[in-house]
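Worksheet: one structure, shown below.
The values are calculated or read from the model by the stated rules, or taken from the named source; none is laboratory data. Note that the structure is predicted; figures quoted are calculated from it, not measured. Counting neighbours? That spans all protein chains shown, and the Cβs are built from the backbone with ideal geometry, glycine included. Accessible surface areas use protein heavy atoms only, side chains included; no ligands, DNA or RNA. Shrake-Rupley method; radii C 1.70, N 1.55, O 1.52, S 1.80 Å.
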Amino acid sequence: MPLKTFVREIGNISKKSSEREKHKFRRGRAYIAPETSSSSSACSSTALIEQGKWANLPPELLLDIVQRVEARETSWPGRRDVVACASVCRSWREITKEIVKTPEQCGLLTFPISLKQPGPRDTPIQCFIRRERATSTYRLYMGLSPALSGDLSKLLLAAKKVRRATSTDFVISLVGDDFSRSSNNYVGKLRSNFLGTKFNIFDSQPPDYSTVQSSFQSRRKTRLKQVPPRVPTINYNTANISYELNVLRTRGPRRMQCTMHSIPISAIEEGGIAPTPLAFTNCLDEDSSPLLDSEGKRPRVGFNSTGYTKLLKSVQSAPLVLKNKAPRWHEQLQCWCLNFKGRVTVASVKNFQLVAAVKPSQNVTVAEQEKVILQFGKIGKDIFTMDYRYPLSAFQAFAICLSSFDTKPVCE
């Protein structure tokens, strides 16, 4: 049997074996069972599932199987087989998590947490965004373009634009049909001010869970079915985006600046490391509950508050600041031009390239200063390319690109 077929059958066989175990221990109505707690019964049922046929494979054989699958499937949709290995049982999942490397190390996106991890240092990850005007949704796919990827494009993230009286929200989700902020698919949001000149990126989990204090958390209470009553949905303000006002209405592209409070400037220095989450954290634990104020209420940090930003600055070095690369004026074409290396084909005011804004006192090489960290541009009607690299993650890059879609009459 081919290895690919073998892996795909593992999940179905393990499910059937667990169901047979459940039917095996099922009794009639007359059977009187001893009194046990609900927790012990849950543990016993979990133990039965873990004692399945595939959970008892020798560790050496299991390691060899997962390594072969991971080495063979280097792109989507074949990468689904690696995810299938992690879905068999707990022992398979632990082995798979040890073998699969982060996008910074291997340049591949495998698990959902990979979307929150920094991209590769050398070669950027190439994606494209499809805009749907009728539903105000934006979908991020992995691939060069829809024409080349076709139906094999892997959906990474999706966002829905929600207009409010004084601001605009882009709710970001792991799936394209669930934008509820109480859902497990919710990963963050982008919020703009009234003029569309300033944006804040909110993450669903803290950028550095070991150092960020929970008392500086932006919270938003929701009362939905998936969330128990009185449990707040937490959002962490991790970055700010600002567009320069064009008061004199001079010719030229937009000028933007991104301050990444969750990424220190030391991440792009020689030997620097960017924060890399290894799993989605549960921010509603007792240890992470905020302190209560004098009235017994949880403190709430507003959209314009700088308390959370000041806290991040106090626990790490200066934040990474990104600025758009200055274009040059082309006399023959009579337009502003940037070298997108063939990834952008349509002139648009939304096109941009971001590089690091470095001070002379900071120890960053010239090559690193000239490296394009994120580029975004138009290739067709409602189709845009997005290429990002270290130290940005796919979520951060997508949120920055979403800010370009919002209307900015005072910046153009």
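Remarks
Yes/no matrix, rows are residues, columns are (1) under 30 Å from residue 340 (Cα atoms); (2) at pLDDT 90 or above:
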{"position": "63", "(1), (2)": "no, yes"}
{"position": "76", "(1), (2)": "yes, no"}
{"position": "85", "(1), (2)": "no, yes"}
{"position": "95", "(1), (2)": "no, yes"}
{"position": "101", "(1), (2)": "yes, yes"}
{"position": "107", "(1), (2)": "yes, yes"}
{"position": "116", "(1), (2)": "yes, yes"}
{"position": "123", "(1), (2)": "yes, yes"}
{"position": "126", "(1), (2)": "yes, yes"}
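- Check on residue 344, touching a residue at least 12 places away in the same chain (Cβ under 8 Å) and either exposed (fewer than 14 other Cβ atoms within 10 Å of the Cβ) or not in a strand (DSSP E or B) (or both): yes
- Residues that are modelled with pLDDT of 90 or more and among the polar types (S, T, N, Q), drawn from the range 307-326: 324
- All positions within the range 95-106 that are open to solvent by 30 Å² or more (accessible area, probe 1.4 Å) and assigned to a loop (DSSP other than H, G, I, E, B): 101
- So residue 385, is it outside any helix (DSSP H, G or I), more than 20 Å from the chain's Cα centre (by Cα) and polar (S, T, N, Q): no
- Filter result for the condition that a residue is touching a Cys at 6+ places or on another chain (Cβ under 7 Å) and at pLDDT 60 or above, over 201, 241: 241
- Residue 368, sole failed condition from (1) under 22 Å from residue 405 (Cα atoms); (2) outside any strand (DSSP E or B); (3) open to solvent by less than 70 Å² (accessible area, probe 1.4 Å): (1)
- Residue 398 meets the conditions (1) farther than 14 Å from residue 322 by Cα; (2) aromatic (Phe, Trp, Tyr); (3) outside any helix (DSSP H, G or I) in every case but one. The failed one is (3).
- Listed here are the strands (runs of 3 or more DSSP E) enclosed by the range 108-212 that have at least 2 residues being open to solvent by 40 Å² or more (accessible area, probe 1.4 Å): 125-132, 137-142, 154-163.
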